[in-house]
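The values are calculated or read from the model by the stated rules, or taken from the named source; none is laboratory data. Only a predicted model underlies this, so the values are computations on that prediction, with no experimental measurement involved. Don't worry about glycine lacking a Cβ; one is built from the backbone with ideal geometry, like all the others, and counts go over all protein chains shown.
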Amino acid sequence: MSLKKRPIFGELGSKPRRRFKALSIKSLVYSLFTLLLIIFGYAYFALRASLPILDGEQKIPGLADTVTIKRDATGVVDINAKNRLDLAQALGYLHGQERFFQLDLSRRNSAGELAELFGEKAVNYDKSIRIHQFRQTAQKVLSNLSKHEKAILTRYTLGVNQGLADLKESPFEYLLLRQPPRPWKAEDSLLVVYSMYLTLQSRNGYREHLQGLIYKNLPQEIAEFLLPAGTEWDAPIKGNAMLPPPLPESSKWGKVLAQPNMKKPSPPEQITTLNTKKTISRQSPVFNNAHHKKAFQNAESGTPCFINCEVYGNSQIGSNNWAVSGELSVHQSAMLAGDMHLGIRVPNTWFRAQMHYQSDGKTVNLYGLTLPGTPLLVAGSNTQVAWTFTNSYGDWSDLVELTFNDAGTHYQTSTGEKPLEIIKQIIISSDNQIHEIEIAKTIWGPVIKHHGINYAYRWVAHDLEGLNLKLLDLEKASSVNQALIIGNRAGIPAQNLLVVDNKGSLGWTIAGPIPKRQTENDSRLPTNGAENSQLWTEYLSPDEYPRVINPDNQFLWTANARVVSDNDFEKLGDGGLANGARAKQIKQNLSELTAASERDLFKIQLDDRALFLARWRKLMLQHLENVTKKSAEKANEQKLNTTELNQIKQLVANWSGHADKDDVGYWLVKRFRQNVAAKLLNPIYQTGMGSLQPVESTEPLPAYDSFTTQYEAPLWQIVNQQPLFLLPGGYSDWHDFFVAQIRRESDRINKSQKKLEDSSWGSHNTAQIQHPISRAVPLLGYFLDMPKNPLSGDEDMPRVQGKNFGASQRMVVAPGNEENGILHMPTGQSGHPLSPFYRAGHQDWVDGVPTPFTMQQPVHQLILTPK
């Protein structure tokens with residue numbers, strides 16, 4: 001009889017064990033999947049809970065009467081109120097519901113309170129801002145406002161806080177940051193305007209410091225050549241172009257040429273950062289620009305916070321506005337176009353609204369752009385008058401060089417020694433780290449430091465005159481003259497105010513405070529505090545402001561460049577005025593108009609013709625054509641064969657003449673100019689400060705365009721005249737030099753393993769329009785950021801466009817004809833990613849599609865009633 005072999009212990013139940021193991025893995029997967037569903041489900045419902053209320057009826061404490069709010073399919077709102085105070089509260093309610101996180105960043109940005117949200121990464125930025133003490137100044141300004149202005153701010157504040165409270169959940173950003181939102185205060189609305197000061201004006205006088213070093217360390221003739229007041233591109237609305245001084249002869253350059261960096265061989269390749277006009281050398285790193293320099297005091301700047309601590313983004317130059325009279329318009333009214341350029345992020349700077357209220361038995365109708373955090377219509381139309389702004393870039397600050405006593409407790413003035421005032425402040429970060437800082441103040445302002453030199457900073461923004469709510473009066477202005485006077489009295493960062501009315505008139509002036517300076521002082525350069533203690537103590541009255549009304553040519557324009565000449569220009573000064581090329585191109589376009597429509601003015605806003613670069617293209621082609629056999633052989637040694645040269649020549653010769661996203665030739669010409677400028681100008685400008693003025697400092701050397709925005713004047717004279725004494729070291733002649741600069745971009749493309757023909761302008765100028773949170777958590781960028789579209793447009797043309805800088809809106813309107821107007825803006829109305837308005841209208845902005853100025857068919861209605 002045979003017996004079955006009994007399985008040993010290890011064999012017993014092996015299949016059930018495998019099944020158990022498989023079941024365990026499946027259970028684990030299912031459990032993890034279920035857990036993820038629960039997490040994502042909770043996140044989704046929490047996110048939905050913070051969506052703004054679009055329909056129905058809400059009872060609001062503090063309202064005097066019912067307010068009706070309508071929205072169209074893109075989220076443009078129409079607010080109908082019985083009085084201005086109820087309107088302010090309703091607008092605050094909308095801002096609080098749709099944009100509270102943006103409001104919060106705006107106030108914290110200028111108050112130096114970002115670390116409370118973002119932790120230690122923001123501490124150094126907060127330190128640099130606290131020296132301005134904007135929260136303390138805002139409190140003083142608030143106490144000086146009129147009764148009516150205070151009432152509007154109070155009701156607006158009630159609205160913001162009620163809007164936040166009526167959300168079922170805090171805005172999603174606070175859930176991610178694990179911080180509760182802080183209630184809004186009336187003074188916070190003033191801090192929002194101070195954030196605009198930080199964006200639109202120099203917060204530390206860095207360019208003035210650099211220009212002072214140039215004049216201190218170089219012969220005057222060289223300094224004047226390097227720092228011209230204007231160029232042949234100037235196109236002021238009053239006066240003529242200010243031609244730059246000629247290239248000084250070689251004998252004048254001895255002190256500069258004696259420096260070793262002027263004739264040494266070619267340094268390592270320099271890389272020019274795109275869309276910021278900054279050249280960064282491995283041998284001489286550079287700050288982003290005067291507006292973005294992070295370190296103000298002795299302490300070096302640390303890691304910037306993930307939102308770059310810049311509420312309105314970088315501060316390149318690009319805003320435009322222009323107007324035509326009723327004689328040149330298809331309407332009886334004059335017509336206005338404006339595109340205010342700012343750094344672009346998600347959500348956009350502006351919130352579109354049309355608002356109606358009763359005043360003195362009449363209906364006031366307002367259409368245009370509001371700034372979240374404030375109760376103002378910043379730009380738009382009241383059906384009688386329309387207005388818009390560009391940054392003036394006048395000289396609104398001064399540096400005073402300080403001399404301290406041995407103990408460092410007192411400083412010299414022309415009337416004797418004075419003690420430093422020391423103010424202590426506390427910065428508390430979100431992880432409860434406490435930082436105590438000391439702010440040193442003088443009679444002129446806070447103490448700052450550049451390259452080892454101590455200065456006091458005198459700035460309009462520090463004065464109570466720098467801020468008020470007089471801009472509210474534009475709501476009822478009925479003529480150009482009336483609107484210009486209101487602008488003169490406004491307390492805002494000084495702007496070019498362009499106004500038109502329904503009678504056909506047009507006018508320009510400065511809106512914002514203008515210092516009344518002593519004429520004998522050169523305000524471009526620092527003042528020695530021990531010798532001259534008298535800076536401005538007063539401001540111009542409205543009748544002293546420059547104005548231009550109804551010019552003979554029937555049109556006006558501004559583009560951040562010089563607008564006026566002679567005595568009027570002396571009143572405004574130069575705080576970094578733009579090259580005049582853009583203004584000149586706009587003027588040319590306007591001179592060709594007869595019976596202009598809204599679309600005619602809108603077309604100018606999209607003008608991306610590269611007129612400024614045309615002569616650089618000609619120069620580039622000239623040297624590509626003149627490559628001899630010898631230079632071709634030399635090019636081969638430099639790994640640039642004649643085939644590549646011919647390909648470059650063909651691409652440049654066939655360029656479209658536009659900064660078109662598909663154009664390779666445009667990109668090659670642009671890079672050629674950048675490479676030439678960096679190679680020629682960096683050593684010259686840097687010689688004018690660092691090596692001739694030794695200071696104990698770890699600050700890097702700045703690039704040429706940190707010294708002046710008018711560098712095209714000296715650059716083109718050198719390029720055009722090609723003096724051998726300014727030929728950089730390492731090149732046999734100027735032709736060799738220019739071919740080498742052409743080679744740089746080809747080499748860079750080859751190293752990146754891209755094809756030359758694929759290196760279009762759009763491949764380099766691709767949108768990077770981000771939400772602040774996605775900068776910290778890139779995985780969220782898919783949900784929060786705008787599409788990465790290739791973008792047409794660039795600097796030095798009306799359609800100024802960078803990756804995250806450009807027209808924050810494009811507007812065209814004739815007062816009284818708002819239904820025919822045009823208005824669009826990047827991103828969308830709402831700051832909530834699940835809102836139907838989060839991206840609504842963005843693609844129209846990318847593609848340059850004109851969309852209506854007014855709200856269209858309403859699809860939502862919300863009624864606010866008194867509680």
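The single residue among G831, G806, G841 that is touching an Asp or Glu at 6+ places or on another chain (Cβ under 8 Å) and at pLDDT 95 or above turns out to be G831.
Within segment 90-108, if we keep just the residues that are of a type in the set (S, T, N, Q) and more than 24 Å from T865 (Cβ to Cβ), the residue that is surrounded by the fewest Cβ atoms within 10 Å (Cβ to Cβ) turns out to be Q102. Return yes when E818 is in contact with a strand residue (DSSP E or B) (Cβ under 7 Å, 6 or more places away or on another chain), among the acidic types (D, E) and either touching a residue at least 24 places away in the same chain (Cβ under 8 Å) or within 15 Å of H842 (Cβ to Cβ) (or both) and no when it is not. Yes, satisfied. Within segment 726-753, residues that are small (G, A, S) reach partners that are in a loop (DSSP other than H, G, I, E, B) and buried (at least 18 other Cβ atoms within 10 Å of the Cβ) with beta carbons closer than 6 Å, at six or more positions or on different chains, in the pairs S746/L640. With the condition kept exactly as written, say whether any residue in segment 439-452 is in a strand (DSSP E or B), in contact with a strand residue (DSSP E or B) (Cβ under 8 Å, 6 or more places away or on another chain), at pLDDT below 95 and not β-branched (V, I, T). Among the residues of segment 439-452, at least one is in a strand (DSSP E or B), in contact with a strand residue (DSSP E or B) (Cβ under 8 Å, 6 or more places away or on another chain), at pLDDT below 95 and not β-branched (V, I, T), which makes the answer yes.
In segment 818-867, of all residues being among the aliphatic types (A, V, I, L, M) and buried (at least 23 other Cβ atoms within 10 Å of the Cβ), the one that is farthest from L47 (Cα to Cα) corresponds to L823. Note on segment 532-551: among residues that are assigned to a loop (DSSP other than H, G, I, E, B) and of a type in the set (A, V, I, L, M), the one that is surrounded by the fewest Cβ atoms within 10 Å (Cβ to Cβ) is L540. Annotation: L114 fulfils all but one of (1) in contact with a helix residue (DSSP H, G or I) (Cβ under 7 Å, 6 or more places away or on another chain); (2) free of Cβ contacts under 8 Å to residues at least 60 places away in the same chain; the unmet one is (2). Taken together, L153, L142 contain a single residue that is buried (at least 22 other Cβ atoms within 10 Å of the Cβ) and in contact (Cβ under 8 Å) with a residue 12 or more places away in the chain, which is L153. Taken together, T409, T413, T403 contain a single residue that is within 21 Å of N528 (Cα to Cα), surrounded by fewer than 14 Cβ atoms within 10 Å (Cβ to Cβ) and out of contact with any Cys (no Cβ under 8 Å at 6 or more places or on another chain), which is T409. Candidates G529, G512, G575, G504: the one that is surrounded by 21 or more Cβ atoms within 10 Å (Cβ to Cβ) and closer than 20 Å to G239 by Cα is G575. When S523, S591 are checked against the criterion of being among the hydroxyl-bearing types (S, T, Y) and under 26 Å from the mean Cα position of the chain (by Cα), S523 stands alone in meeting it.
For first residues located in segment 516-535 and more than 20 Å from P546 (Cβ to Cβ), partners that are among the basic types (K, R) and lie 6+ apart or on another chain with Cβ distances below 7 Å form the pairs L535/R458.
Cβ-Cβ contacts under 7 Å between residues 6 or more apart (or on different chains), taken from a first residue in segment 821-847 that is acidic (D, E) to a second residue that is at pLDDT 95 or above, are listed as D844/H824; D844/T851.
When R207 is tested against (1) surrounded by fewer than 22 Cβ atoms within 10 Å (Cβ to Cβ); (2) in contact with a Gly (Cβ under 9 Å, 6 or more places away or on another chain); (3) of a type in the set (D, E, K, R), exactly one condition is not met: (1). The combined condition, being within 30 Å of K441 (Cβ to Cβ), buried (at least 19 other Cβ atoms within 10 Å of the Cβ) and not polar (S, T, N, Q), is fulfilled by R135.
Only residues that are out of contact with any strand residue (DSSP E or B) (no Cβ under 8 Å at 6 or more places or on another chain) and more than 22 Å from G62 (Cα to Cα) were counted in segment 114-142, giving 19. Evaluate the following for F612: is it buried (at least 19 other Cβ atoms within 10 Å of the Cβ) and touching a Pro at 6+ places or on another chain (Cβ under 6 Å)? No.
Residue-wise test of (1) at pLDDT 95 or above; (2) crowded, with 17+ Cβ neighbours inside 10 Å; (3) among the aliphatic types (A, V, I, L, M); (4) within 34 Å of the chain's Cα centre (by Cα).
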{"position": "D600", "(1), (2), (3), (4)": "yes, yes, no, yes"}
{"position": "D607", "(1), (2), (3), (4)": "yes, yes, no, yes"}
{"position": "R617", "(1), (2), (3), (4)": "yes, yes, no, yes"}
{"position": "L624", "(1), (2), (3), (4)": "no, yes, yes, no"}
{"position": "T628", "(1), (2), (3), (4)": "no, no, no, no"}
{"position": "K639", "(1), (2), (3), (4)": "no, no, no, no"}
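Among the residues making up segment 755-782, those that are surrounded by fewer than 17 Cβ atoms within 10 Å (Cβ to Cβ) and either of a type in the set (D, E) or touching an Asp or Glu at 6+ places or on another chain (Cβ under 6 Å) (or both) are E757, D758.
Would you mind stating whether K168 is surrounded by fewer than 18 Cβ atoms within 10 Å (Cβ to Cβ), in a loop (DSSP other than H, G, I, E, B) and touching a residue at least 40 places away in the same chain (Cβ under 8 Å)? In short, yes.
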